Amino acid sequence: MRLLNRLVVAAIPAVPKPVVRYFAGRYIAGETVQDAVNTVRALNAEGVCATLDVLGEDITSRDEAVASREQSNQVLHTIAREKLDSNLSIKLTSLGLKLDKNFCTENVREILRVAAGHNIFVRFDMEDSTCTTDTIAIFRTLHRDFPSTGIVLQAYMRRSEDDVLGLLEDRPNFRLCKGIYKEKKEIAFQTREEVQQNFIRLLELILKRNAYVGIATHDTVLVDAACGFIRTMGLRKDRFEFQMLLGVRPELRKRLVRDGHRVRLYVPFGEHWYGYSTRRFKENPEVAGYVFKALFVRNS
Ligand SMILES: Cc1cc2nc3c(=O)[nH]c(=O)nc-3n(C[C@H](O)[C@H](O)[C@H](O)COP(=O)(O)OP(=O)(O)OC[C@H]3O[C@@H](n4cnc5c(N)ncnc54)[C@H](O)[C@@H]3O)c2cc1C
């Protein structure tokens with residue numbers, strides 16, 4: 001599959017944009033805020049909540065970071081006005097993390113001020129390993145003033161256990177996921193089994209320390225392990241939620257909703273869907289395998 005994935009990635013630029021759009025369509029709500037509202041409304045009607053993510057290009061200037069901040073603020077106003085059951089996820093690089101950390105912190109602070117005015121939770125997504133330390137530091141600075149915020153831990157990172165232990169002091173709201181970027185073996189577990197084991201170890205640690213956790217995975221092994229902890233620890237339903245990506249494994253999502261769990265879908269949208277999709281494929285060719293599968297098995 002590895003070679004196949006690489007071939008698929010190499011072929012993407014030759015595929016006409018409307019065709020990529022058609023197949024990316026199940027993973028992306030659309031280009032406009034109204035597309036996002038329609039998708040979230042349909043999910044809410046199914047008893048599923050959402051986290052909205054505005055897709056952004058890699059930014060290179062302060063003006064672009066400010067534009068990105070304003071887009072996030074517009075989404076927050078829309079969530080409030082439309083009374084959607086949704087929160088917001090943000091990526092710090094789109095708010096200037098690589099330009100100037102203080103400038104980025106102030107952009108995020110501005111978003112959190114708007115969010116707090118509407119009583120909306122904001123999650124800091126975790127990007128590649130060059131961003132981890134700074135993302136956690138900015139989160140810790142702002143979490144004191146804005147407690148309705150959360151952070152992401154990636155189970156493939158060897159450092160994540162230390163990060164959990166450090167962050168527990170702040171009693172944050174965690175999202176635990178495997179991690180999507182290509183990272184070196186010196187800093188990240190590489191095999192599926194190692195990543196699964198670390199995910200389960202971190203999940204147990206977080207739950208035992210009474211922190212809230214979004215269990216972000218479509219991996220049945222991990223969902224089953226989580227359900228085992230929930231049963232044996234007798235966890236109340238307001239201590240955790242399951243999180244999944246729009247368009248991925250809807251049958252698993254329906255099962256979790258039927259079992260009475262809170263389920264949140266990550267809903268990306270925005271005009272930069274094409275750059276976003278192709279960058280994700282290049283960063284991690286494994287993801288291209290899913291798209292390849294979707295080309296042939298529409299109900300996969
Ligand atoms: C809500 C949410 C938020 C996330 N936030 C971050 C983040 O902030 N930072 C970060 O690095 N990563 C993030 N991720 C991505 C995550 O790290 C994984 O890369 C991704 O979820 C795939 O891992 P998995 O646990 O689902 O297991 P996998 O073993 O990859 O997937 C299990 C099964 O799910 C299906 N599947 C999984 N992904 C897809 C797909 N894209 N298309 C079709 N089928 C698929 C396949 O059937 C696969 O066999 C997030 C994931 C979710 C669900």
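Quick notes on this structure:
- Residue within the range 44-58 that is closer than 23 Å to ARG171 by Cβ, within 16 Å of the ligand (Cβ to nearest atom) and in contact with an Asp or Glu (Cβ under 7 Å, 6 or more places away or on another chain) present: yes
- Residue within the range 125-143 that is within 16 Å of the ligand (Cβ to nearest atom), among the small types (Gly, Ala, Ser) and not in a helix (DSSP H, G or I) present: yes
- Residue check, GLU241 closer than 20 Å to VAL122 by Cβ and within 11 Å of the ligand (Cβ to nearest atom): yes
- Under the condition of being acidic (Asp, Glu) and within 16 Å of the ligand (Cβ to nearest atom), the residues counted in the range 194-213 number 1.
- Test: residue in the range 102-119 that is at pLDDT below 95 and farther than 23 Å from THR32 by Cβ: no
- Residue list for the range 164-193, filter: open to solvent by less than 10 Å² (accessible area, probe 1.4 Å) and away from the ligand (no atom under 13 Å from the Cβ): VAL164, LEU167, PRO172
- Where strands (runs of 3 or more DSSP E) fall entirely within the range 17-124, those with at least 1 residues that are open to solvent by 20 Å² or more (accessible area, probe 1.4 Å) and either among the aliphatic types (A, V, I, L, M) or more than 30 Å from LEU256 (Cα to Cα) (or both) are at 49-54.
- Selection count where residues are assigned to a strand (DSSP E or B), under 17 Å from LYS91 (Cα atoms) and of a type outside the set (Val, Ile, Thr), scope the range 145-177: 8
- For the range 44-63, the set of residues classified as farther than 13 Å from LEU95 by Cα and over 17 Å from the mean Cα position of the chain (by Cα) consists of ASN44, ALA45, GLU46, GLY47, listed by residue number.
- The set of residues in the range 214-236 that are in contact with a Leu (Cβ under 9 Å, 6 or more places away or on another chain) and within 12 Å of the ligand (Cβ to nearest atom) comprises GLY214, ILE215, ALA216, THR217, HIS218, THR220, LEU222, VAL223, ALA225, ALA226.
The values are calculated or read from the model by the stated rules, or taken from the named source; none is laboratory data. Small disclaimer: the values here were computed from a predicted structure and weren't measured. Note that we place each Cβ from the backbone using ideal geometry, even for glycine, and neighbour counts take in every protein chain shown. For accessibility, only protein heavy atoms count, side chains too; no ligands or nucleic acids. Shrake-Rupley method; radii C 1.70, N 1.55, O 1.52, S 1.80 Å.
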